[in-house]
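Following: one structure in structure tokens, then a few remarks.
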Amino acid sequence: MEAPPVTVMPVTGGTINMMEYLLQGSVLDQSLESLLHRLRGLCDNMEPESFADHELVYLLKGQQGNPFMLRARRSLLHPTAPWHLRYLGQPEVGDKSRHALVRNCVDVAASHSLPDFLNEMGFRMDHEFVAKGQVFRKGAMKVVVSKLLRVLASGNTENTEPMSLSYLVELSILAPAGQDTMSEDMRSFAEQLKPLVHLEKIDPKRLM
Amino acid sequence: MSGGPAVRVSMESQCERQVQEVSLDGLETYVPPLSMSQNLAKLAHREPWSQPEPEEDEGVWGVFYCGAAACALKFQPSLWPWDSVRNNLRSALTEMCVLHDVLSVLKDKKYMALDPVSQDPSTPQVFQLISKKKSLATAAQLLLKGAEKLTKSLAENQEQRRQRDFNSELLRLRSQWKLRKVGHKILGDLSYRSAGSLFPHHGTFEVIKNTDIDLDKKVPDNYCPLNVQIPSDLEGSAYIKVSIQKQSADIGDLGTVSLFRRQPKAKPGSQMWHLKLEAAQNVLLCKEIFAQLSREAVQIKSQIPHIVVKNQIISQPFPGLQLSISLCHSTGEKKIQRASPDKSKPDDHLYVLEHNLHQLIREFHKQTLSSVVMPHPASSPFGHKRLRLAGPMAYDKAEISSLQQSEGLLEKIIKQAKHIFLRSRTARTIDSLASRIEDPQIQAHWSNINSVYESSVKVLITSQGYEQICKSIQLQLNIGVEQIRVVHRDGRVITLSHQEQELQDFLLSQMSQHQVHAVQQLAKVMGWHVLSFSNHVGLGPIESIGNASAITVASPSGEHAISVRNGPESGCKVLVQFPRSQAKELLKSDVLQEGRWTHLRGPYREVHWGRMEGRNFVYKMELLMAALTPCP
């Protein structure tokens with residue numbers, strides 16, 4: 001029996017070419033309430049949605065170059081929901097006037113056997129953390145206010161301690177490649193949050 | 001001068017030399033006086049020699065000479081140093097002597113008298129006037145200044161009140177609409193985007209201060225310090241007109257729907273900006289509805305394609321029928337044309353469907369905002385939570401399509417229009433039959449609780465006066481979108497199409513069956529025996545609608561029998577069977593020996609049913625039965 005034909009051309013359509021536009025900022029714990037009120041007023045009219053997620057970051061160390069990184073995330077509040085696997089590419093070095101960080105993003109839902117699968121593929125878990133907070137939505141924009149907690153014992157998500165005294169605020173849009181109008185909307189939304197939190201594009205390479 | 005006791009005058013010389021130091025035993029040491037050359041040098045130093053002014057030269061030289069003379073004078077030994085003192089004293093003595101002499105002369109009061117200085121109390125008139133004028137002027141000045149201050153503060157207050165009115169109005173506006181400040185401008189959002197709409201219109205309005213008000217004139221009643229400026233394409237008012245008409249033969253006048261209804265009266269107490277904003281929001285919603293409908297009309301493949309022309313969508317729910325949905329937007333500039341020919345037609349706008357369209361689009365908005373869409377874990381993209389399982393659970397195409405919304409707005413509204421039309425036509429059919437046919441009577445009980453796609457009605461066919469006896473025909477009609485399902489009392493289920501004729505024929509056939517059933521029930525009551533009964537007889541002329549039914553009943557004594565054949569078209573035929581003894585035309589035959597055979601029923605005779613007494617069929621039948629039952 002012949003093997004079914006496998007195309008060697010790279011996949012270009014569908015969800016492969018999605019770009020993530022990102023702006024990040026942070027607030028101290030004591031200013032969280034006012035920020036949540038502000039977001040409640042600015043964003044779409046819904047009940048605030050809380051979340052608690054456990055994220056594991058996997059690395060595949062090849063012989064050469066940078067290790068390949070994948071992020072696997074599951075919901076602690078909804079244990080039956082599928083896992084979410086995410087690949088984030090390098091930030092696009094476009095013109096400096098672009099207001100948000102743009103990077104290639106691939107999102108895949110996976111079943112609960114994902115950690116075993118990644119281990120079998122050769123990935124090794126680099127670090128893990130728990131994120132708890134709230135998600136807001138305005139049209140296509142997503143605002144995530146989360147507190148990052150360190151997992152003390154690997155695999156045990158009950159025993160956690162906060163990493164800092166502040167909350168991470170992220171404003172992101174997922175859009176197909178080539179649409180640059182999103183960054184304008186993001187910037188005007190970030191302007192409205194201005195005195196409470198300063199959202200700006202933070203290059204991850206500069207932090208390392 | 002020589003009289004009187006001597007007076008001691010004590011004097012002391014002025015200390016001309018400065019004290020240099022005072023020793024511990026009180027001895028003072030004086031600064032030694034300057035010699036002549038030193039004194040001259042000091043005087044020379046005092047003069048400004050550098051200023052070359054010719055006229056002062058003499059003065060300078062004069063001073064120099066005086067200074068020199070003064071120094072020279074000081075050291076002349078012939079002059080007594082107490083000379084000036086002696087002169088001063090002598091003049092003082094002279095003065096005192098004069099005073100003494102005057103006083104002694106005055107004592108005698110003969111040659112000199114003293115008069116006190118008169119204190120004049122009354123000042124002259126002119127002086128008083130002037131002083132009063134001055135004081136009044138000062139007072140007036142103060143008052144004027146005060147008045148000026150008051151008027152200024154009043155003007156400020158009014159200005160502040162206007163400002164405060166603007167602010168309080170702005171507060172009221174903010175309590176109902178979303179506002180934000182961008183630079184100097186105050187912008188607002190009247191779109192449905194925060195409620196879940198995905199329409200790309202920005203829906204931004206601007207709040208401006210109303211400054212064209214003259215404070216001197218009276219403030220008009222509807223004055224509002226705040227004005228809103230809405231986008232130009234949302235001005236005026238709009239509504240969606242949904243109507244069902246018979247199919248128009250010509251397509252020429254498509255897209256010219258311009259009927260417009262009067263705007264609803266504004267609620268008293270609501271501000272102008274509120275009305276403006278509400279109207280603009282309504283226009284935006286109507287535009288969104290129409291955009292969604294036209295998009296679906298173009299994309300969805302259906303058997304009969306939908307036509308989208310300008311501001312109208314036309315589709316055919318049933319053959320011969322046309323559903324038109326149009327967006328009527330009037331900017332309010334021109335008056336409603338009186339010469340519009342559409343005015344004569346009755347308003348066939350279906351308000352229910354317009355309301356349903358609004359409801360459907362709001363449902364659609366709510367779906368994008370439901371918490372089902374929110375991502376868990378938080379990093380996953382937005383989307384229905386069950387659809388996220390499609391990958392891990394390996395759903396196939398059928399399962400995925402079952403999860404997704406298959407019906408769009410247009411399909412839903414067409415289904416609703418079809419149902420409304422079918423329901424109204426069913427009602428019309430039943431009503432026309434009820435008004436046309438008196439015997440038997442048809443009653444329709446419509447149920448109060450319906451859905452948008454289904455209604456039900458219970459149809460009873462009865463005879464007047466005999467409702468309790470003859471109630472065998474009861475039909476439950478379930479009117480759906482395209483079909484009518486009839487459930488008979490005896491359990492039969494019949495599906496009728498949307499054709500009007502089918503329902504009418506069916507009801508007529510049921511009515512004819514009812515008559516025969518009624519005879520059956522009547523026979524039970526009257527004590528007659530049913531000999532034969534058939535709902536669908538195969539004998540006799542063929543009916544075009546349904547089938548004829550027949551029944552034969554025999555009297556309690558068995559002597560008479562009645563046969564009834566009733567058909568929807570052929571009407572009813574009633575035959576009565578008499579005993580042989582009453583038949584005149586029967587031939588005597590010698591086969592029958594005994595007399596008892598004459599009691600058997602013999603030939604049939606038809607009844608002239610039309611000339612029978614009685615208001616309806618069952619009544620006539622009852623009379624007939626009663627007539628044929630002899631009194632004991």
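Using C-alpha pairs under 8 Å with a sequence gap of at least 6, the mean separation divided by the residue count of region B:419-498 gives a relative contact order of 23 percent.
Sequentially through region A:100-106, phi angles give Karplus couplings (6.51, -1.76, 1.60; θ = phi - 60°) of 10, 7, 10, 8, 5, 9, 10 Hz, Gly and Pro residues having no value and appearing as x.
Counting Cβ atoms of other protein chains within 10 Å of each Cβ in B:177-185 and taking the mean gives 1. What separates the Cα centres of region B:176-197 and region A:28-103 is a distance of 28 Å.
Only alpha carbons enter this Debye calculation for region A:108-174, each as an equal point scatterer, and the log10 of I(q)/I(0) it gives at q = 0.19 Å⁻¹ is -0.96.
Near residue B:237, the amide H atoms lying under 5 Å from its own belong to B:330, B:332; only residues 5 or more places off or on other chains count, and H is placed 1.01 Å from N. The gain in end-to-end length when the residue B:125 to residue B:494 segment is fully stretched comes to 120.1 nm, 0.36 nm per residue minus the alpha carbon separation. Mean per-residue shielding of peptide A:105-111 is 4, counting Cβ atoms of other chains within 10 Å of each Cβ. Ranked by the mean number of other Cβ atoms within 10 Å of their residues, highest first, the peptides B:566-576, B:104-114 fall in the order B:566-576, B:104-114. Volume of the convex hull of region B:419-498 (Cα atoms only), normalised per residue: 93 Å³. Between residue B:27 and residue B:85, what is the FRET efficiency for a Förster distance of 25 Å, r being their Cβ-Cβ separation, to the nearest 0.05? For R0 = 25 Å, the calculated efficiency reads 0.40. Hey, if you put +1 on the Cβ of every Lys and Arg and -1 on every Asp and Glu Cβ in the protein assembly as shown, which of A:31, B:393, B:560 ends up farthest toward the positive end of that dipole? My answer, from the dipole projection, is B:560. Here residue B:16 and residue B:135 are evaluated by their C-beta separation; at R0 = 56 Å the FRET efficiency comes out at 0.45. Amide H to amide H distances under 5 Å link residue B:444 with B:460, where only residues 5 or more positions off or on other chains count and H is placed in the peptide plane. Taking 0.36 nm per residue of sequence separation and removing the Cα-Cα distance, the residue B:98/residue B:39 pair yields an extension gain of 16.9 nm. Full extension of the segment from residue B:9 to residue B:111, taken as 0.36 nm per residue of separation minus the current Cα-Cα distance, would add 33.4 nm. Quick one: angle between helix A:182-192 and the longest Cα principal axis of chain A, in degrees between 0 and 90, rounded to 10, please. Here the helix axis deviates by roughly 30 degrees.
Taken over the Cα atoms of region B:429-575, the convex hull encloses 119 Å³ per residue.
For region A:18-202, calculate the relative contact order in percent as a whole number, restricting contacts to Cα pairs under 8 Å that are 6 or more residues apart. Intermediate results must be reported in sequence, preceding the final value.
Values: 370 pairs, mean separation 61.2, N = 185.
Across region A:18-202, relative contact order equals 33 percent.
Here the calculated FRET efficiency for residue A:159 and residue A:126, from their Cβ-Cβ distance with R0 = 25 Å, stands at 0.80, rounded to the nearest 0.05.
Placing unit charges on the Cβ atoms only, positive for Lys and Arg and negative for Asp and Glu, gives region A:18-202 a dipole magnitude near 200 debye about its Cα centre.
Across region A:55-62, rounded Karplus estimates of 3J(HN,Hα) from the backbone phi angles (6.51 cos²θ - 1.76 cosθ + 1.60, θ = phi - 60°) give 10, 10, 10, 10, 10, 10, 8, x Hz, Gly and Pro being marked x. In terms of packing, defined here as the mean over residues of other Cβ atoms within 10 angstrom, the peptides B:175-184, B:360-369, B:512-521 line up highest first as B:512-521, B:360-369, B:175-184.
For the Cα trace of region B:507-632, dividing Rg by the Kirkwood Rh returns an Rg/Rh value of 1.01.
In this label model, residue A:177 and residue B:309 are separated by 4.6 nm, measuring between points 7 Å along each Cα→Cβ vector. Simple point charges give the picture: +1 on the Cβ of Lys and Arg, -1 on the Cβ of Asp and Glu, and for the protein assembly as shown a dipole about the Cα centre of about 3020 debye. From the square roots a ≥ b ≥ c of the eigenvalues of the alpha-carbon gyration tensor of the protein assembly as shown, which class results: rounded (a/c under 1.5), prolate (a/b over b/c), or oblate? It is prolate, given that a/c is not under 1.5 and a/b is the larger ratio. Distance between the modelled labels on residue B:167 and residue B:439, one decimal in nanometres: 8.7 nm (7 Å Cα→Cβ projection). Say we join alpha carbon atoms closer than 10 Å with springs in a Gaussian network model of chain A; which of A:176, A:48, A:195 then has the biggest fluctuation? Its mean-square fluctuation being the largest, the pick is A:195. From its DSSP helices (H runs of at least four residues, each -39,500 (n - 2.57)), the protein assembly as shown gives a residue-normalised ellipticity at 222 nm of -11000 deg cm²/dmol.
For the chain pair B and A, buried accessible area totals roughly 2100 Å², probe 1.4 Å, rounded to the nearest 100. With the simple spin-label model, which puts each label point 7 Å out from Cα in the Cβ direction, the residue B:355 to residue B:542 separation comes to 5.0 nm. Averaging the sequence gap over all C-alpha pairs within less than 8 Å and six or more residues apart, then dividing by the number of residues, gives region B:478-632 a relative contact order of 17 percent. Partner shielding of A:68-79 amounts to 2, given as the average count of beta-carbon atoms from other chains within 10 Å of each residue beta-carbon. With a threshold of 20 Å on the Cα-Cα distance, the over-threshold entries among B:584/B:620; B:209/B:276; B:178/B:241; A:142/B:412; B:366/B:415 are B:584/B:620; B:178/B:241; A:142/B:412; B:366/B:415. Backbone amide hydrogens, once placed in the peptide plane, bring residue B:321 within less than 5 Å of B:247, excluding anything fewer than 5 places away on its chain.
Over region A:71-111, with a single point scatterer placed on each C-alpha, what log10 of the ratio I(q)/I(0) does the Debye formula yield at q = 0.18, 0.26, 0.31 1/Å? Rounded to two decimals, the profile gives -0.61, -0.84, -1.01. If you wrap region A:18-202 in the convex hull of its Cα atoms and look at it from every side, the mean projected area works out to 11.8 nm².
The values are calculated or read from the model by the stated rules, or taken from the named source; none is laboratory data. The structure displayed is predicted, hence computed values, not measured ones. Backbone-built Cβ (ideal geometry, glycine too); neighbour counts: all protein chains shown. In case anyone asks, the SASA skips ligands and DNA or RNA and just uses the protein heavy atoms, side chains included. Shrake-Rupley method; radii C 1.70, N 1.55, O 1.52, S 1.80 Å.
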